[in-house]
Protein chains: 2
Amino acid sequence: MTLSHLIAAANTAHPDYYLRLYFGDVPVGLIHRQAPKTLEKYGFYLVSHALGVQWRDASANCARNSEHLAQITANMRADSYVTGWRDELFALSPSYYHAPQALIERAAMPIFGGCGYGVHINGLVRRKNGLAMWLGQRAPNKPTEPNKWDQIAAGGLPYGISAFNNMQKECREEANIPESLSQTAQSVGMVSYCWQQNNGIRADVLFLYDLFLPADFEPQNTDGEVAHFICVPLEEIPEMLREGDVKTNSALVMLDCCIRHGIITPQMPEYETLCHGLQMRNHWLSRLKNK
Amino acid sequence: MTLSHLIAAANTAHPDYYLRLYFGDVPVGLIHRQAPKTLEKYGFYLVSHALGVQWRDASANCARNSEHLAQITANMRADSYVTGWRDELFALSPSYYHAPQALIERAAMPIFGGCGYGVHINGLVRRKNGLAMWLGQRAPNKPTEPNKWDQIAAGGLPYGISAFNNMQKECREEANIPESLSQTAQSVGMVSYCWQQNNGIRADVLFLYDLFLPADFEPQNTDGEVAHFICVPLEEIPEMLREGDVKTNSALVMLDCCIRHGIITPQMPEYETLCHGLQMRNHWLSRLKNK
């Protein structure tokens, strides 16, 4: 497939099918137009808002909202309407920089369409002939995208931990990278996307880091999430991406890395499409209708 | 000012005020809704197209279109409707990768709203305490944005030269950087924007390069476009940007460089806005109306 197909695969949600979800007058998520009837069965009632829909029972108190949503999502879990429970709390919030309106189980985020923040780390090695990149193959028992290639370490950003600290935590857990090394990682940008899910949407922002590793360092998985690691020349990554064996959102991170390090250049006719396509979330949000 | 203001300053064109310009069925530009009457005076007649407006007299032959437009733009120049004539031909084309439908004088591009491609080079120096960046101060007699800070070298991409070769040419002309050095420059991405102009629009794409220079290298201007050069720590660039003394589109290039090199990080509440805001052209095009 073409590299542009990877952008399309991570941006399958159509703006016409979603409405902004408000708690009071604070936008916190995105609701599929076909979801309200199902949500009512679980006690999540929506009323009309000038710019979308509003949770009828929202309070100004984050703890109270969180408790209420915990009951609702527990029932969704019992019915398998929410699967892949993580016991990890994500924030429903107008942005990463605002106080959350509620904390909810990560696996339930797509239903309410909150922005899922994450950190992805490119594990890079300088070699004589250019850069190489460590890739991890996801374990066969992962709930999402088993066996696909992924960054050396990556993870969702739970509420209450900074992006940098979470990056260091994921480096430790997923690749046994000591803090002395991961503290040298450098923030290099972000990618965002809007991806239709069975019961909602992943409208996510990933914060990206480049981590240059010594030639003799070998990552080791400590939490069972990675089956094994390989180190491949960066110039071979576009071919791996074309073969389609890379995790959907991690593919965007690899495209970004190949663009920043001169592997994908203006000589390639897809260049503009790829550069633009790495930041689709805000673009998509601006095309939402209010009714 | 905030850094987000720099995004806004380079994206002043409102999509409601423009129509796509077609030569036959090929989209090549953007016409301001108030321009057709003025354009008719110069012999440039527009008729309706399903997705915008069409040049009535377009031919399938690029050379014939170019000749016809050369007459029209010469008259515009005589009236000072086009100023800052460059004697440099840019392509009117659906993209950088398509054959041009016409070649026209660069100074006339905003009237027809063709995509202006350019190359911008970050001249970087590795120092003990981090990266530093060479900046050039534009000469006081430059037709656009005199005295503003700019990249070490940058320039429009005329028809018929590759981005990489043009990058090397600008390095030579604007900063006396020899080919042996500029050939080590690395493609690192692009920025795009939609900027309202007096008589049209700059809907541009800039191809970006990082060039790491030896500590003892000093740029020298050879074509009179730069008054003088300074080398500043990269961590001081955000403050220079806030002060507003940087050329409008070059400011986007500096933001991108600070994001890629870890100076602007997710800790900064503007981070998402800045990362999204560096790729506004396609976003803007998707919001155009047809009538």
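The values are calculated or read from the model by the stated rules, or taken from the named source; none is laboratory data. Computed from a predicted model, the values in this text were never measured in an experiment. Virtual Cβ from ideal backbone geometry, glycine too; neighbours counted across all protein chains shown. Note: accessible area is taken over every heavy atom of the protein model, side chains too, but ligands, DNA and RNA are not part of it. Shrake-Rupley method; radii C 1.70, N 1.55, O 1.52, S 1.80 Å.
Which is more than 14 Å from chain A (Cβ to nearest Cβ) and surrounded by 20 or more Cβ atoms within 10 Å (Cβ to Cβ), of B:P233, B:P214, B:P178, B:P219?
Numbers: B:P233 fails: surrounded by 20 or more Cβ atoms within 10 Å (Cβ to Cβ); B:P214 fails: surrounded by 20 or more Cβ atoms within 10 Å (Cβ to Cβ); B:P178 fails: surrounded by 20 or more Cβ atoms within 10 Å (Cβ to Cβ).
Step by step, each of B:P233, B:P214, B:P178, B:P219 is checked, and only B:P219 is more than 14 Å from chain A (Cβ to nearest Cβ) and surrounded by 20 or more Cβ atoms within 10 Å (Cβ to Cβ).
Taken together, B:A107, B:A50 contain a single residue that is without any contact (Cβ under 8 Å) to a residue 60 or more places away in the chain and open to solvent by 10 Å² or more (accessible area, probe 1.4 Å), which is B:A107. When A:N65, A:N61 are screened for being free of Cβ contacts under 8 Å to residues at least 60 places away in the same chain and open to solvent by 30 Å² or more (accessible area, probe 1.4 Å), only A:N61 passes.
Contact annotation: residue pairs with Cβ atoms under 6 Å, 6 or more positions apart or on different chains, pairing a residue in the range A:183-205 that is facing another protein chain (nearest Cβ under 9 Å) with a partner that is surrounded by 24 or more Cβ atoms within 10 Å (Cβ to Cβ) and acidic (D, E), are A:V191/A:D256. Within the range A:234-291, being touching a helix residue (DSSP H, G or I) at 6+ places or on another chain (Cβ under 7 Å), over 20 Å from A:W149 (Cβ atoms) and not hydroxyl-bearing (S, T, Y) holds for A:P266, A:E270, A:C275, A:H276, A:Q279, A:N282, A:H283, A:W284, A:R287, A:L288, A:K289.
Out of all the residues in the range A:181-195, which are surrounded by 17 or more Cβ atoms within 10 Å (Cβ to Cβ) and of a type outside the set (F, W, Y)? Those that are surrounded by 17 or more Cβ atoms within 10 Å (Cβ to Cβ) and of a type outside the set (F, W, Y): A:L181, A:S182, A:A185, A:S187, A:V188, A:G189, A:M190, A:V191, A:S192, A:C194.
The set of residues from the range B:46-76 being under 24 Å from the mean Cα position of the chain (by Cα) and among the hydroxyl-bearing types (S, T, Y) comprises B:S66, B:T73. The residues of the range A:271-291 that are open to solvent by less than 60 Å² (accessible area, probe 1.4 Å) and not in a loop (DSSP other than H, G, I, E, B), listed by number, are A:Y271, A:E272, A:L274, A:C275, A:H276, A:G277, A:Q279, A:R281, A:N282, A:H283, A:W284, A:L285. Within the range A:237-265, if we keep just the residues that are within 9 Å of chain B (Cβ to nearest Cβ) and charged (D, E, K, R), the residue that is surrounded by the fewest Cβ atoms within 10 Å (Cβ to Cβ) turns out to be A:R260. For the range B:133-158, filtering for residues that are open to solvent by less than 10 Å² (accessible area, probe 1.4 Å) and either among the hydroxyl-bearing types (S, T, Y) or not assigned by TED's automatic domain parsing to the domain that holds B:L213 (or both) leaves 0.
Name the single residue, out of those in the range B:159-175 being small (G, A, S) and within 14 Å of chain A (Cβ to nearest Cβ), that is most open to solvent (accessible area, probe 1.4 Å). Don't jump to the end; show me each part of the working.
Initially, the range B:159-175 is screened for residues small (G, A, S), giving B:160, B:162-163, B:175.
After this cut, where a residue has to be within 14 Å of chain A (Cβ to nearest Cβ) as well, the list is B:162-163.
Numbers: B:S162: 51, B:A163: 5 Å².
Only one residue tops the list, namely B:S162.
For B:M268, only one of the following conditions fails: (1) surrounded by fewer than 24 Cβ atoms within 10 Å (Cβ to Cβ); (2) within 14 Å of another protein chain (Cβ to nearest Cβ); (3) part of a helix (DSSP H, G or I); (4) among the aliphatic types (A, V, I, L, M). What is its number? Exception for B:M268: condition (3). Residue count for the range B:13-60 under the criterion of being more than 14 Å from B:L92 (Cβ to Cβ) and of a type in the set (S, T, N, Q): the result is 3.
Looking at B:G116, B:G130 in this structure, which one is touching a strand residue (DSSP E or B) at 6+ places or on another chain (Cβ under 9 Å), in contact (Cβ under 8 Å) with a residue 40 or more places away in the chain and either over 25 Å from B:A70 (Cβ atoms) or crowded, with 23+ Cβ neighbours inside 10 Å (or both)?
Values: B:G116 fails: either over 25 Å from B:A70 (Cβ atoms) or crowded, with 23+ Cβ neighbours inside 10 Å (or both).
One residue alone meets the criteria, B:G130.
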